[in-house]
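Engineer: Here it is: the structure, laid out below.
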Amino acid sequence: MKLKEGAKRILAHIPLKHMILFESNPDFADNTWPLYLELKKRLPSCQMVWIVQSEEGSVSASRSYRDVREKGLDTVIYAHPVSMREKLRKKYFFRRAAAIIFCNRRQRKRDPRQLSLFLCHGSKTKKTEGIYELGDYADFVEVQSHFFDGIIETEYGLSESQLVYHGYPRCDAFYREEPAQLRKKLLKDADGRFLIWLPTFRAQEVGRTDADDGRYAALGIPLFYDRESLKAFDRYLRDRGLYVVYKPHPVQDVRGLVSEKLTNLILITDETLRRADLQLYEVIAASEALITDYSSVFFDYLLLDRPIATTTDDIESWKEGRGFAFDLESMYNKATCRVPDQEALYAFTEGVIKGEDPYAEGRREVRDLTNLHQDGKSAERVADFVIGKLTRKQ
């Protein structure tokens with residue numbers, strides 16, 4: 001014990017390196033990726049290190065290393081190293097980095113002099129109190145607007161002094177013109193119009209959620225519990241020259257859906273995006289409308305000022321199970337088309353085709369309430385904040 005304390009005292013006198021650690025899920029994505037690009041541009045001499053989830057020696061790990069080389073990243077370390085060499089490398093980088101920036105899996109800093117910033121993987125809709133505590137992990141946490149202050153403090157176990165407001169870097173993609181090549185990559189149709197469907201998870205591949213009542217076992221998609229009704233919706237989309245790009249939650253079990261041969265309901269995964277060298281928010285930016293449920297993407301999509309539908313076929317199960325962090329239903333009633341069944345989904349889709357937008361006024365009101373920044377410069381602001389903090393620590 002005395003030896004360990006002595007080592008800590010010695011390390012406290014060794015300067016931290018000009019180095020930043022980054023984490024995201026999936027690797028090289030979400031809010032962390034655009035901030036990384038901004039910091040790399042402005043801090044060319046700073047060593048940038050990614051904490052990747054792939055385990056040493058696996059196929060996915062070799063892909064991560066290839067991505068690192070192709071994207072010009074400095075290096076990677078494994079979140080779950082296997083060999084002693086990789087374990088020591090992880091200890092070294094975590095001990096010597098000046099800053100740790102993460103947006104999904106919690107990363108604990110090893111030195112009080114380090115800067116720890118949690119970028120968030122979305123504003124709160126569902127309760128996480130006691131499940132995902134951040135108070136001891138992050139010096140600062142990015143918050144989308146002051147509307148979330150009390151919610152974030154309660155659900156993450158934070159104090160007011162830890163909250164900062166610079167916007168989500170991933171949403172900067174909404175303010176760039178998206179080329180037709182993006183639609184061609186996904187749809188094989190450069191002129192294809194599409195809706196993006198981004199649900200939260202119900203049935204996991206291992207275990208079940210407290211909101212899963214068994215209806216999602218076959219396909220893992222809201223509203224459609226049998227193959228025939230899903231195929232009918234696919235034919236409807238094909239007849240109208242419209243696509244739905246469906247990206248399930250990463251832990252959702254969609255093995256049944258994968259086996260279906262559909263033409264206009266396009267299933268994409270994190271691996272799909274990686275192969276196409278696309279960020280999810282680039283795809284979202286090119287969509288005509290959003291279909292979601294209890295996902296935080298709702299707040300982000302408000303910045304695009306386009307129609308939103310929220311599926312609510314299992315909302316009672318969610319309320320009785322995990323529960324919501326605030327009165328989400330009242331907000332949805334004002335800003336979205338509530339879709340409790342297939343008939344309502346068809347009606348919403350038909351309205352998008354016709355250019356109808358009955359919830360525009362309420363949506364803009366909620367947008368201004370939940371998004372402090374609406375200019376596409378969030379990565380710049382977060383970078384200013386990080387650089388300022390690092391400069392003062394030197």
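Coordinate-derived values only; no laboratory data. The shown structure was predicted, so the numbers you read here are calculated from the model rather than taken from an experiment. Backbone-built Cβ (ideal geometry, glycine too); neighbour counts: all protein chains shown.
Engineer: Stretched out fully, how many nm does the piece from Asp341 to Arg392 gain, at 0.36 nm a residue minus the Cα gap? List each step's numbers first, then the result.
Structural biologist: On the way: separation 51, 0.36 × 51 = 18.36 nm, distance 5.48 nm.
Computed gain between Asp341 and Arg392 is 12.9 nm.
Engineer: Could you give each residue of region 128-135 its phi-based ³J(HN,Hα) in whole Hz, using Karplus coefficients 6.51, -1.76, 1.60 with θ = phi - 60°, and x for Gly or Pro?
Structural biologist: 9, 4, x, 9, 9, 8, 10, x
Engineer: Name the shape class, rounded, prolate or oblate, that the alpha-carbon gyration tensor gives for region 176-370, where a ≥ b ≥ c are the square roots of its eigenvalues, rounded holds for a/c under 1.5, and otherwise prolate holds if a/b is larger than b/c and oblate otherwise. Don't jump to the answer; show the numbers that get you there.
Structural biologist: Values: a/c = 1.39, a/b = 1.06, b/c = 1.32.
Because its axes are fairly even, with a/c under 1.5, region 176-370 counts as rounded.
Engineer: Given a Förster distance of 41 Å, report the FRET efficiency between Ala232 and Glu129 from their Cβ-Cβ distance, rounded to the nearest 0.05.
Structural biologist: On the way: r = 41 Å, r/R0 = 1.00.
So, using R0 = 41 Å, E works out to roughly 0.50.
Engineer: Taking a threshold of 27 Å on the Cα-Cα distance, which of the pairs Lys41/Lys389; Lys41/Lys184; Lys40/Lys389; Lys124/Lys334 fall above it?
Structural biologist: Pairs exceeding 27 Å: Lys41/Lys184.
Engineer: Turning to a different aspect of this structure: Evaluate the Kirkwood expression for the hydrodynamic radius of region 304-392, namely the inverse of the mean inverse distance over all pairs of different C-alpha atoms, and round to one decimal in Å.
Structural biologist: Numbers: mean 1/r = 0.0633 Å⁻¹.
Taking every pair of different Cα atoms in region 304-392, averaging 1/r and inverting gives 15.8 Å.
Engineer: Further, regarding this structure: Can you list the HN-Hα couplings for region 375-387, worked out from phi with the Karplus curve (6.51, -1.76, 1.60; θ = phi - 60°), rounded to whole Hz and with x for Gly and Pro?
Structural biologist: The phi angles translate into 9, x, 10, 5, 4, 5, 5, 5, 4, 4, 5, 4, 4 Hz.
Engineer: Report the trypsin sites (Lys or Arg not before Pro) located in region 219-311 that are in a DSSP loop and have at most 14 other Cβ atoms inside 10 Å of their Cβ, or state none.
Structural biologist: Details: sites: Arg227, Lys231, Arg235, Arg238, Arg240, Arg255, Lys261, Arg274, Arg275; in loops: Arg240, Lys261.
When the trypsin sites (Lys or Arg not before Pro) of region 219-311 are filtered for loop state and at most 14 Cβ neighbours within 10 Å, Arg240, Lys261 remain.
Engineer: Using θ = phi - 60° and the Karplus form 6.51 cos²θ - 1.76 cosθ + 1.60, what ³J(HN,Hα) does each residue of region 290-301 get, whole Hz, x for Gly and Pro?
Structural biologist: Each residue of region 290-301 in turn: 10, 10, 8, 9, 10, 8, 5, 4, 3, 5, 5, 5 Hz.
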